[in-house]
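*Asks:* If you scroll down you'll find the structure; I have some questions about it.
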Amino acid sequence: MKRTTVIPAGTVFTTCMIFGQTPTPTPSFEAASIKPNHSGSNAIGGGVCLRGGRVLVKNITLDSIIEQAYGIQDFQLLSRPSWLSSDRYDIEAKPESRVGFQDCNLMLRSLLADRSTLALHRETRQMRVYKLIVGKNGPKLQKVNTDAPLGIEQFNSVTGQLITKGISMSQLAEMLGAMGELEKLIVDDTGLDGYYKFKLEWSPGNRSADAGPSLFAALQEQLGLRLEATKGPVDTLVIDHMEKPSEN
C-alpha cells in the first residue's frame with residue numbers, strides 16, 4: 001500500500017509543532033530571474049547554491065533544480081510534465097544575506113512554488129533497489145580506529161575513483177546511490193559496523209572492456225562486496241501540478 005503525504009512545495013517542517021503556533025516562515029530569495037534558454041546547446045554553466053546561497057545557472061532543466069531542492073535522485077521524481085526534462089532555463093537568484101546550503105535549498109523550493117506553482121506529495125513505493133552485501137569470499141577492507149582521521153581522501157565519479165580514510169558501509173551505500181550511475185536506491189546490508197579505509201577504481205558507465213572494471217566488478221574484485229538487485233520501499237516525490245515558470 002502506498003503511503004502518501006501532501007507537501008506544498010514551499011513548506012518547511014520542524015520536528016514538533018504546538019497547536020496554535022505560527023509555522024516557521026519559508027526563506028526566499030531577495031531577487032530571482034528565470035528565463036527560457038533557446039540556444040540549443042547542452043552545455044551547462046554556473047552553479048546552484050554557490051557560496052553564500054547564490055544561484056547562477058545557464059541552460060538547465062528544472063527537474064535537476066527540483067532534485068537539488070528536495071535532496072532526491074532522478075528516479076525518485078515521478079509524474080513529470082512532458083517539458084520538465086527538455087525545456088532549458090537560465091536562473092539567477094540571490095538571497096538578502098549570506099545563507100547556508102540547506103536554507104538555499106528551501107529558497108529553491110519557494111522559488112519553484114512561486115514561479116511554477118509546483119505542488120507535489122511524497123509517496124513510499126516498492127521499487128527496484130540494490131542491497132550492498134558481502135561477497136562469498138568475505139570483505140577486502142581495512143577497518144580503522146575511530147581515533148584516526150576519518151572521511152574521504154579523494155572522490156571523482158567522472159573518472160571513477162574513491163579513496164577513503166575511513167567511512168562506514170552505510171556511507172558507502174549512500175555515496176554509490178548519490179552518483180546516479182545505477183539509478184537505484186542502494187541500501188547497506190553488509191552487517192559490517194565501524195569505519196573502513198579502502199581504494200576503489202572503476203570505469204564509469206563501463207564505457208569499454210579496455211577502460212577498466214564496471215562498478216559492479218570493481219566492488220567485488222577490490223572490496224569483496226556485491227550489489228544484489230531486489231525490491232524495497234523507496235521514498236519518492238510525485239508532481240501533482242507544475243506550470244512553465246513565469247519570468248517575473
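The numbers here are math on the coordinates, done by the rules we state, and not lab data. Keep in mind it's a predicted model, so treat the numbers as computed, not measured. Note that each Cβ is placed from the backbone with ideal geometry, even for glycine, and that neighbours are counted across all protein chains shown.
*Asks:* For the range 144-190, how big is the tail of P(r) above 12 Å, as a whole percent of Cα pairs?
*Replies:* In whole percent, the long-distance tail amounts to 65.
*Asks:* Using alpha-carbon pairs under 8 Å, 6+ residues apart, how would you state the relative contact order of the chain in percent?
*Replies:* Contact order relative to length: 26 percent.
*Asks:* Once the Cα atoms of helix 101-116 and of the chain are each reduced to a long axis, what angle between those two axes, in degrees from 0 to 90 to the nearest 10, is obtained?
*Replies:* 50 degrees
*Asks:* Output the antiparallel fraction of DSSP beta bridges having both residues in the chain, as a percent to the nearest 5.
*Replies:* Restricted to the chain, the bridges split so that about 90 percent are antiparallel.
*Asks:* How are the alpha carbon pair distances in the chain distributed across 5 Å bins from zero to the largest one, expressed in percent?
*Replies:* Cα pair-distance distribution for the chain, in percent: 1, 6, 11, 14, 14, 15, 13, 12, 8, 4, 1, 0, 0.
*Asks:* Additional query: I'd like the per residue volume of the convex hull spanned by the Cα atoms of the range 139-223, given in cubic angstrom.
*Replies:* Given the Cα convex hull of the range 139-223, per-residue volume reads 83 Å³.
*Asks:* Please compute the length gained on full extension between Gln222 and Lys140, using 0.36 nm multiplied by the number of residues separating them and subtracting their Cα-Cα distance.
*Replies:* So the chain would gain 28.8 nm between Gln222 and Lys140.
*Asks:* Within the range 121-151, whose backbone N sits under 17 Å from a point 7 Å along Cα→Cβ of Ala178?
*Replies:* 150-151
*Asks:* Compute the helix-to-body angle for 169-178: its Cα long axis versus the longest principal axis of the chain, expressed 0 to 90° and rounded to tens.
*Replies:* Between helix and principal axis, roughly 50 degrees.
*Asks:* While we're here: What FRET efficiency comes out for Val158 versus Arg128 if R0 is 25 angstrom and r is the Cβ-Cβ distance? Round to the nearest 0.05.
*Replies:* After rounding to 0.05, the efficiency reads 0.50.
*Asks:* Also: Report ³J(HN,Hα) in whole Hz for each residue of the range 135-141, in order, from the Karplus equation J = 6.51 cos²θ - 1.76 cosθ + 1.60 where θ = phi - 60°; Gly and Pro get x.
*Replies:* Result, ordered by residue: x, 5, 9, x, x, 10, 10 Hz.
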